[in-house]
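The values are calculated or read from the model by the stated rules, or taken from the named source; none is laboratory data. Since the model is a prediction, treat every value here as computed from it, not as a measurement. With ligands, DNA and RNA removed, areas are computed over all heavy atoms of the protein, side chains included. Shrake-Rupley method; radii C 1.70, N 1.55, O 1.52, S 1.80 Å.
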Amino acid sequence: MKRSLIHIVLVIFFLCFVSPVIARQVSKQAQPSRQEIQSVSIQNIKGNIYQVKGGSGANTGFFIGKKEVVVVDSKMTEDAAKQMIWAIRKMTSNPIVHIIITHSDRDHVNGLVGFPQGLTIISHENTRIHMDKAFQSARERTYLPDITFSDKLSLYCTDDIKNKRIDLIYFGPAHTDGDIIVYFPDEKVAFIGDLIFIDRDQLIHLHKNGSSYGLVKVLKSILNLDAEVFINGHGDPASRKDIQNHIQGIEDKQARIKELMKEGKNLDVIKKIYNIDNKPAQPGAMVWPSMVETIYLELSKQR
């Protein structure tokens, strides 16, 4: 939803001054049991920015401010979220105040129920739409994002030096139609969710209005940011070169599939050319369309 300048100012005031009080009141509710405390890996990215790996779900992250903690994504399950919170508490007693959701996939959002209620949850407006459809129980619905935006939203939180600006940016449909970049301009660090997959096939959710061509456009826009490190959901931190290589790989695949289609080859033939096997790794496992199939389906609609 688009917001007026006055509204954005009020939102920022709430985020930095009112919601920390709420967080302190509820922070003790997320204590995990002894059985739930499992090892997660905390990696310092730069300054007070950290990545959390391990547990169930995608990589997540957090920023430690002078008075509060900002979390990026929430893991897959309640237990995994509690493990993450426990790891954060080993580093700081500051309360978790804001949770930023990069997109709506369950391995990034289902862990929200492991966080205390009353925190500020922020996402793109399209992400909230997808979460609204997926979150059916009364408990889940208390964790729907309460602040959304359409193009850009900047948060200001304090650290030991000055007010820290965190930019939330939407460049358009890509992996889904709600992917945002969480950009720390001072540290030149960006959290990009599932906009890049290293050493595995890139996933596009067509049912969430994702697009391989949109992904290329978004990744090129990301490279226009003054960022050097890119934290993603399913791999080690990526570099600008990694992003460039990912773009090139997708564009090469798009061009070749387009030529193969001009030659009259159908999807089954093209999948054989690329050695695509749609069999699940184990019985009953979910199989997502390959990037080859996604590009073919997109080009078929353009005809």
Accessible area in square angstrom per residue, the range 135-199, 1.4 angstrom probe: 37 Å²
Gap separating the Cα centres of the range 50-125 and the range 131-198, nearest whole Å: 12 Å
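How large is Rg/Rh for the range 46-126, to two decimals, with Cα atoms and a Kirkwood Rh?
Working: Rg = 11.5 Å, Rh = 12.4 Å.
Result: Rg/Rh = 0.93.
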Cross-link reach list, aspartates and glutamates versus Lys53, counting only Cα pairs under 15 Å and skipping chain neighbours closer than eight places: Asp73, Asp79, Asp107, Asp194, Asp236
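Could you list, in their original order, any pairs among Lys133/Lys188; Lys46/Lys66; Lys208/Lys265; Lys66/Lys220; Lys152/Lys217 whose Cα atoms are separated by more than 23 Å?
From Lys133/Lys188; Lys46/Lys66; Lys208/Lys265; Lys66/Lys220; Lys152/Lys217, over 23 Å: Lys133/Lys188; Lys208/Lys265; Lys66/Lys220.
Distances over 24 Å make up what percent of all Cα-Cα pairs in the range 97-228? Working shown, then result.
Working: 2565 of 8646 pairs.
Here the long-distance tail beyond 24 Å is 30 percent of all Cα pairs in the range 97-228.
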Vicinal HN-Hα couplings computed from phi for the range 235-249 (Karplus, 6.51 cos²θ - 1.76 cosθ + 1.60; Hz; Gly/Pro x): x, 6, x, 9, 9, 4, 4, 4, 5, 4, 5, 5, 4, 4, x
Residues whose placed amide H lies under 5 Å from that of Ile121, excluding near-sequence neighbours: Ile99, Asp146, Ile147
Shape metrics for the range 193-270, restricted to C-alpha atoms - Rg then Dmax, Å: 14.0, 43
Karplus-derived HN-Hα couplings along the range 115-123 (A = 6.51, B = -1.76, C = 1.60, θ = phi - 60°), whole Hz, x at Gly and Pro: 8, x, 6, x, 6, 8, 10, 10, 7
Sequence-distant residues sharing a close amide H with Ser154 (under 5 Å, placed H): Leu168
Under 5 Å, built H, 5+ apart or other chain: amide partners of Leu195: Gly233
Under Karplus coefficients 6.51, -1.76 and 1.60, residue-wise ³J(HN,Hα) of the range 67-72 in Hz, glycine/proline x: 10, 8, 10, 10, 9, 10
